[in-house]
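To start, the structure itself, in structure tokens.
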Amino acid sequence: MREIRYREALREAMFEEMERDESVFLMGEEVGHYQGAYKVSEGLLEKYGERRVIDTPIAEAGFAGVGIGAAMVGLRPIIEFMTWNFSFVAFDQIISNAAKVHQMSAGKIQVPIVFRGPNGAAKQVASQHSHSVAPFYTHIPGLHVIQPSTPRDAKGLLKSAIRSNNPVIFLEGETLYGVKGEVPDEGVDELIPIGESRLARAGADCTIVTWGRPYYTVLAAAEKLAAEGIECEVIDPRTLRPLDTELMVQSVKKTNRCVVVHEHWPYGGPGAEIVDRLQREAFDHLDAPLERVTGLDVSMPYASNLEDKVLPTEERVIDAVKRVSYAK
Amino acid sequence: MMVIRRFEEEAARNYAKGKIGGFLHLYIGQEAIAVAAAEVLEDRDYIFQTYRDHGIALARGMAANVAMAELFGKDTGCSRGFGGSMHLFDVERGFLGGWAIVGGHLALAAGTAFKSKYAGEDRVTICFFGEGSTNIGGFHEAMSLAGLWKLPVVFVCENNQYAMGTPLERTSPLKDLSIKAKGYGMPGDRFEGHDVAVVQERLAKAVDRARSGGGPTFVEIQTYRFRGHSMSDPAKYRSRTELEQRKQQDPIVVVREKLMGLGIDENSLDDIDIEVDEEIDAAVRFADESAPALEDVMMSTVLAREDGA
Amino acid sequence: MAKIIGLPKLSPTMEEGTLVAWIKSEGDEVEVDDLLAEVETDKATMEFRSFDRGVLLKILVPAGETLEPDVPVAIIGKAGEDISELLAEVAAGAVSAAVSAAVPAAVSAAVSETVSAAAAVSAPVSVPESGSEGRVLSSPLVRRLARERSIDLHTVQGSGPRGRVVKRDIEAFPGERDASGGAPALRGERLPARVVKASSMRRTIARRLTESTQTTPHYYLTIDVDIAPLVDARRAMNAELEAAGKKVSLNDLIIKAAAIALRRVPEVNSSWMGKEIHYHQVVDISIAVAVDEGLMTPVIRDADRKGVMQIAEEVRDLAARARDKKLQLEDMTNGTFSISNLGMFGIEEFTAVINPPEGAILAVGTIRNEPVVEDGAIVPGKRMRFTMSSDHRVIDGATGAKFMAALKTLLEAPSTMLL
């Protein structure tokens, strides 16, 4: 094990998979000569050349569609959206084409493609550039949706995503790219399975389910709560579709309460889905209503002070945990 | 061409009987284009079409009974009842689908062409769409990328004069759509589509260009559909006179006269008609008697298996 | 000007009441004498009517809570009025009072929820729960545990928001130390007693009967009555009544007979009131009715002056209302004499505890079919034993015996009741 950044973990995953499989290529805006808008693809062009590291014009619908078409006939494209906000102009390609053709062709055509890029708020990039898109894509049967929080998960899951025979929505985070964490040594081919939750912190008093950027907010809040005698168990689903609730249900059966913390808006989405499943699967074990701490139900303001309020904060997590724990 | 014509007529009849549901878009009047394209293409090539896709599927060799069964929503259909009229697929013959979001499949065609280039394969992609597609963004982005990357793809605009019910002069500032090609750095061509021999000759040029590394071509074929946009369209937006005039150029009448001019016996042409009638009747019977679509297939085809099986 | 509404004292003996259900909701208009809530007292479920006019601005205590009189339960005022000061006052009062620890906790929880809701920045996920309809608010976990351990949640004090019973309340419940899901006891293991908090009715019964046996000098007179004539009379009456779809019970006839006997021996219809003896001018007979949680004693007024039919109808109505907890206070107070009948259980004879300040209670046994000697011959007979418990302070032995003899005469010759 060594410590590397989330960005480097993603880059290693792409290097290793492109090395392993000739059919894997990277396509997107500024992925080649510019070295990636967020430097995730740095060095890939030098290694694999313009044939496999392809700069595109600003045409998300076009290059998303090209990727899907190429995947339909056997390639394994990695399509980078400079940010997921720009995926909306390619929404039809992902939903009407990538997610549908397998079933529409009675299973004859597969679309092994990864769409990846930074998701959610960065810092003061305002409403059009701060979308947390998981709710849109998790709604769609025929897609996998992955949102890793740590460098290790980022690498292991991206490798699994590239090898998947299905279209994968891979949600990274601009503010996560610099996060450091332990990752197996280079050359260790660790594949983290799609659709498996991970226990991030053990505790007996309250379960918290979280992923993405708020993962770190929650871990910090959990330490503060521990100092007050409330031990939180933190579970990161890592994959939002298919959703693995087994670990969460087990945990809630132990703690009898749960707070779900996510960046996306409160209306629907994986947060609401988790709450729905937990209330069904752990109903007789609940001692308190399931609560959520979410991004506030507003468009993201530019002003820094307000942006801080919109995103889940430690204070809101702590308040919610105390509320469901009936603690003062 | 007769197979397509008769297939479409029987499809219409069975739609009226309630055996076929949803949307049904007929190819009657445009048959020469599909037949010519199938002649020009190699077996390994890829084909994309819109929802008006029965013609090309049949021309490419899909059995009429398999196509009809799909329209009937049966497990024996080419897409096992998951696609219907608008989403025929025949992957083994390189027919990669009927697609039903206008302009959405052009980029896919650029994608399969991208793969041919990436993998150094000698496969051309041909992509059909209507003139209505030329106004949507998907057209623009796909053409841009195909032109930019010199992809081996032929974009065939079947200009049947009406985007659903709106005539071309009310949807486009251009009468000659083929000049759009210039904007994407590719050659354009434009011709009438009622004579199968002409279509074959002109399409061959574009396909050869793609195959020989000359990049994409945009081809506008002027054609006419004798039926409405779909079965629910009474086609009141065009005059009886216009339709009758166009029927003078019915591709089937044209080819029949041409063949007779070449000395082919009319009786032998009639024999073909009878043979086709029997084939299509059998297709309807096959579709009608087939088992309905299956629930377990539905559940198992949402996602592809990860073990590759 | 908004004001805090306290729980009213709805019966003279009410030491606490349970808010069974709020009839009005927050935001409802309230007129004077409008029904605000139903309150279960030691006596019955009483109507809690408003003395104020305005809008019900805040319910401070959810249904299911048991409170002492005057504990703040609601705030009534003008629509939109600022009640934050009143809420603070309630919260402060609740903390300082600390008489009954659990109740103020519920109140302050409700208050703090309101206060924090105004300032909440978090996502709108904290929706207040409806706590109406008299059900105990409890978490799903608690409901499961209660099912598994046969705990009546009405008897558990909830410490969660709005009085919700939560896991820790079950854990703190006597005998439920191992509430976190421990294995059920193995066969052969000694199980501890199941401990249940006594209801207010139960506690009232306990207090009053203890008081009665400790302060009232009871003595008992038993008499055996040939009940065959009464049984025959009843059969004849019911045959007549059948067409009208009505009937009378033996007990109805016994009530009537006792009422007449009380008229004939009025000293028994009396109460010891410390320095006075009250000889009642009316004959109001309390009937002991067993209900789910205990015993109630609705009163048949002027039983001596009512026909048996009317007595029969009143008994049925009162018993039904007793079981439905619909009795009003006035249905149960100021009886002058009680009758308790355990005949339906096959009890031959028993002694009952006097219901103060009444002077006596008549305990009725079952009909015994047994051989009797009649004119020197043994014949089948029907007998019934009556035992009267009397308060010796007002009823001497001979007076009591005179009453029992009068009763026997009436029962054995029912037609004499008409005299």
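The values are calculated or read from the model by the stated rules, or taken from the named source; none is laboratory data. Remember, predicted model here, so these are calculated numbers, not experimental data. So basically every Cβ, Gly included, is an ideal-geometry build from the backbone, and we count neighbours across all protein chains shown.
Below is a table of values for the structure above.
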{"read-out": "Some residue of region A:276-291 being more than 9 Å from every other protein chain (Cβ to nearest Cβ), aliphatic (A, V, I, L, M), crowded, with 21+ Cβ neighbours inside 10 Å and not in a helix (DSSP H, G or I)", "value": "no"}
{"read-out": "Of the criteria (1) more than 14 Å from every other protein chain (Cβ to nearest Cβ); (2) touching a Pro at 6+ places or on another chain (Cβ under 9 Å); (3) not charged (D, E, K, R), which one A:Gly203 fails", "value": "(2)"}
{"read-out": "Residue among C:Glu26, C:Glu47, C:Glu15 that is touching a helix residue (DSSP H, G or I) at 6+ places or on another chain (Cβ under 9 Å), surrounded by fewer than 22 Cβ atoms within 10 Å (Cβ to Cβ) and either charged (D, E, K, R) or over 20 Å from C:Val90 (Cα atoms) (or both)", "value": "C:Glu15"}
{"read-out": "Matching residues, region C:285-310, being of a type in the set (S, T, N, Q), free of Cβ contacts under 8 Å to residues at least 60 places away in the same chain and closer than 19 Å to C:Gly359 by Cβ", "value": "C:Thr297"}
{"read-out": "Filter result (surrounded by fewer than 19 Cβ atoms within 10 Å (Cβ to Cβ), closer than 19 Å to A:Phe86 by Cβ and aromatic (Phe, Trp, Tyr)) within region A:14-65", "value": "A:Tyr34"}
{"read-out": "Residue in region C:391-400 that is under 31 Å from the mean Cα position of the chain (by Cα), under 15 Å from C:Ile287 (Cα atoms), touching a residue at least 40 places away in the same chain (Cβ under 8 Å) and surrounded by 22 or more Cβ atoms within 10 Å (Cβ to Cβ) present", "value": "no"}
{"read-out": "Within region B:36-52, tally of residues that are within 14 Å of B:Phe95 (Cβ to Cβ) and more than 14 Å from chain A (Cβ to nearest Cβ)", "value": "6"}
{"read-out": "Test set (1) assigned to a loop (DSSP other than H, G, I, E, B); (2) within 11 Å of chain A (Cβ to nearest Cβ); (3) not aromatic (Phe, Trp, Tyr) - B:Ser85 fails condition number", "value": "(2)"}
{"read-out": "Test: residue in region A:147-163 that is in contact with a Gly (Cβ under 8 Å, 6 or more places away or on another chain) and either within 14 Å of chain B (Cβ to nearest Cβ) or β-branched (Val, Ile, Thr) (or both)", "value": "yes"}
{"read-out": "Single residue of C:Ser132, C:Ser116 found to be modelled with pLDDT under 85, of a type outside the set (A, V, I, L, M) and not in a loop (DSSP other than H, G, I, E, B)", "value": "C:Ser116"}
{"read-out": "Only listed residue being outside any loop (DSSP other than H, G, I, E, B), more than 9 Å from chain C (Cβ to nearest Cβ), surrounded by 24 or more Cβ atoms within 10 Å (Cβ to Cβ) and over 23 Å from the mean Cα position of the chain (by Cα), chosen from A:Val321, A:Val259, A:Val317", "value": "A:Val321"}
{"read-out": "A:Ile109 vs. criteria surrounded by 24 or more Cβ atoms within 10 Å (Cβ to Cβ) and touching a helix residue (DSSP H, G or I) at 6+ places or on another chain (Cβ under 7 Å)", "value": "no"}
{"read-out": "Residues being out of contact with any helix residue (DSSP H, G or I) (no Cβ under 8 Å at 6 or more places or on another chain) and at negative phi - total across region A:36-53", "value": "4"}
{"read-out": "Selection from region B:278-309 of residues that are charged (D, E, K, R) and either loosely packed, with under 14 Cβ neighbours inside 10 Å or modelled with pLDDT of 95 or more (or both)", "value": "B:Glu278, B:Glu279, B:Asp281, B:Arg285, B:Asp288, B:Glu289, B:Glu295, B:Asp296, B:Arg305, B:Asp307"}
{"read-out": "Of all residues making up region B:97-118, the number that are more than 7 Å from chain A (Cβ to nearest Cβ) and within 15 Å of A:Val24 (Cα to Cα)", "value": "2"}
{"read-out": "Qualifying residue in region A:59-73 (condition: assigned to a loop (DSSP other than H, G, I, E, B), of a type outside the set (Ser, Thr, Tyr) and assigned by TED's automatic domain parsing to the domain that holds A:Glu12)", "value": "yes"}
{"read-out": "Pairs where the first residue, in region B:125-149, is at the interface with chain A (Cβ under 10 Å from one of its Cβ atoms) and closer than 12 Å to B:Thr217 by Cα and the second is assigned to a helix (DSSP H, G or I) and polar (S, T, N, Q), C-beta under 8 Å, 6+ apart", "value": "B:Thr125/B:Thr112; B:Thr125/B:Ser116"}
{"read-out": "Any chance C:Thr210 is at pLDDT below 85, more than 11 Å from every other protein chain (Cβ to nearest Cβ) and not in a loop (DSSP other than H, G, I, E, B)", "value": "no"}
{"read-out": "Members of region A:300-314 found to be within 12 Å of chain C (Cβ to nearest Cβ), assigned to a helix (DSSP H, G or I) and buried (at least 17 other Cβ atoms within 10 Å of the Cβ), listed by number", "value": "A:Val310"}
{"read-out": "B:Glu92, sole failed condition from (1) more than 9 Å from chain A (Cβ to nearest Cβ); (2) surrounded by fewer than 22 Cβ atoms within 10 Å (Cβ to Cβ)", "value": "(1)"}
{"read-out": "Any hit, region C:322-337, residues being closer than 20 Å to C:Thr222 by Cβ and touching a residue at least 40 places away in the same chain (Cβ under 8 Å)", "value": "yes"}
{"read-out": "Count of residues meeting criterion [in contact with a Phe, Trp or Tyr (Cβ under 6 Å, 6 or more places away or on another chain) and more than 10 Å from chain A (Cβ to nearest Cβ)] in region C:146-163", "value": "1"}
{"read-out": "Residue in region C:349-370 that is assigned to a loop (DSSP other than H, G, I, E, B), hydroxyl-bearing (Ser, Thr, Tyr) and in the same structural domain as C:Thr409 (by TED's automatic domain parsing) present", "value": "yes"}
{"read-out": "Index of the failed condition, A:Met248 passing every other in (1) in a strand (DSSP E or B); (2) of a type in the set (A, V, I, L, M, F, W, C); (3) more than 13 Å from every other protein chain (Cβ to nearest Cβ)", "value": "(1)"}
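Quick grid of which residues meet (1) closer than 26 Å to B:Lys115 by Cα; (2) of a type outside the set (A, V, I, L, M, F, W, C):
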| residue | (1), (2) |
| --- | --- |
| B:Glu158 | yes, yes |
| B:Leu168 | no, no |
| B:Lys180 | yes, yes |
| B:Tyr184 | yes, yes |
| B:Asp195 | no, yes |
| B:Arg202 | yes, yes |
| B:Lys205 | yes, yes |
| B:Arg209 | yes, yes |
| B:Thr217 | yes, yes |
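Listed here are the residues, each with its yes/no results for (1) under 26 Å from A:Ala121 (Cα atoms); (2) without any contact (Cβ under 8 Å) to a residue 40 or more places away in the chain; (3) within 7 Å of chain B (Cβ to nearest Cβ); (4) not charged (D, E, K, R).
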| site | (1), (2), (3), (4) |
| --- | --- |
| A:Val53 | no, yes, no, yes |
| A:Ile68 | no, no, yes, yes |
| A:Gly74 | no, no, yes, yes |
| A:Ile78 | yes, no, no, yes |
| A:Val89 | yes, yes, no, yes |
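Each row is one residue, and each column tells you yes or no for (1) surrounded by 24 or more Cβ atoms within 10 Å (Cβ to Cβ); (2) at pLDDT 95 or above; (3) not in a loop (DSSP other than H, G, I, E, B).
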{"position": "A:Arg116", "(1), (2), (3)": "yes, yes, yes"}
{"position": "A:Ala122", "(1), (2), (3)": "no, no, no"}
{"position": "A:Tyr137", "(1), (2), (3)": "yes, yes, yes"}
{"position": "A:Pro141", "(1), (2), (3)": "no, yes, no"}
{"position": "A:Val145", "(1), (2), (3)": "yes, yes, yes"}
{"position": "A:Pro148", "(1), (2), (3)": "yes, yes, no"}
{"position": "A:Arg152", "(1), (2), (3)": "no, yes, yes"}
